[in-house]
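For reference, the structure discussed in these notes is given below.
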Ligand code: ATP
Ligand code: MG
């Protein structure tokens, strides 16, 4: 059975893009994979986080994942900092990865913007730690949204260079599993920017804890253009906001974009937005209410994470100890 590793940063409440790009896929992959899911708190602090908020968000995300259908008994769910093997391998991979490779990472450029000099060194080397997260478990498949494609190519380059530099065949190749639809959900305020839980505007995203009123309001206010919906999918690329809403609808309703346009093409955004709100409410509201129920018992959520960390450690520890031996650390 192939081993899956995937992570999400506890930087806020999971948003619709996290759900459609990653979490929904995680739930499905549990059927025929050995899965390790991680709340990557060490990645979260690459951008300053209020400590109390970080603790709370780690629990809230755990609740959303459980409410979405992650099974923490058949699989593993834990927070990254609880397993020190990530940090140890992360350091070794900092020494394998090349500055030239990191310089090409577009996410750093997007997140740092023009103010590059004032960002943490952690934000810059983050893709090396992400490679370590995967490689500490010798995971072979990583389900992610499209925005992580480049980081996974880098992880493969690092794995290959490690094998080459130390003359071993130790780390396996890593395959990115990117869903065919809605792999990049865009902001509701700007169809050219991806939806993110760390975007300063809460109006830019649907959060997986939103209630029906909040969803309806955000969709009503979502940016659109003045034309009715096209009937031909070829007209969508030039209209990023329309395209985003149609793709979200298609992903939630299990339809193709062409099917959605066959049904709604020619309509104004008013009726389409109301149909979109209905499918969103159908998916999000049950997850939101189960999340609230789980958050009433934070002790239980902490126990889930602690038990997950113990089982994660049992897999990662021998792998990372062997890496330390291979690079020549005296044991
Ligand atoms: P942040 O803004 O803090 O980076 P984020 O919303 O980008 O938060 P991450 O924790 O970085 O979320 O990513 C978790 C998973 O969700 C990754 O697999 C990522 O590819 C996926 N993902 C994030 N945003 C989107 C999106 N807009 N569409 C599809 N998938 C996404
Ligand atoms: Mg992100």
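Where a number appears in this text, it was derived from the coordinates with a stated rule and is not lab data. A quick note: this is a predicted structure, and the numbers were derived from the prediction, not measured. Neighbour counts are summed over all protein chains in view; Cβ atoms, including those assigned to glycine, are modelled from backbone coordinates with ideal geometry.
Some values worked out for this structure:
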read-out	value
Computed [θ] at 222 nm, deg cm²/dmol, the chain (DSSP H ≥ 4; -39,500 (n - 2.57); rounded to nearest 500)	-16500 deg cm²/dmol
For the chain, alpha-carbon Rg over 2.2 N^0.38 Å	1.03
Percentage of interatomic Cα-Cα distances in segment 209-293 larger than 19 Å	36
Relative contact order, percent, the chain [alpha-carbon distance under 8 Å, six or more residues apart]	24
Extension gain (nm, one decimal) between residue 234 and residue 119, 0.36 nm per residue minus Cα-Cα	37.4 nm
Value of relative contact order over segment 209-293, rounded to a whole percent, pairs C-alpha under 8 Å and six or more apart	46
Protection proxy ranking of 216-222, 154-160, 95-101 - average other beta-carbon atoms within 10 Å, highest first	154-160, 216-222, 95-101
Share, in percent, of DSSP beta bridges within the chain that are antiparallel, nearest 5	10
Anisotropy class of segment 114-168 from Cα gyration tensor, a/c 1.5 cut	oblate
Label-to-label distance, nm, for residues given as residue 28 and residue 146 (7 Å Cα→Cβ offset)	1.6
Likely footprinting exposure, 294, 326, fewest C-beta neighbours within 10 Å first	326, 294
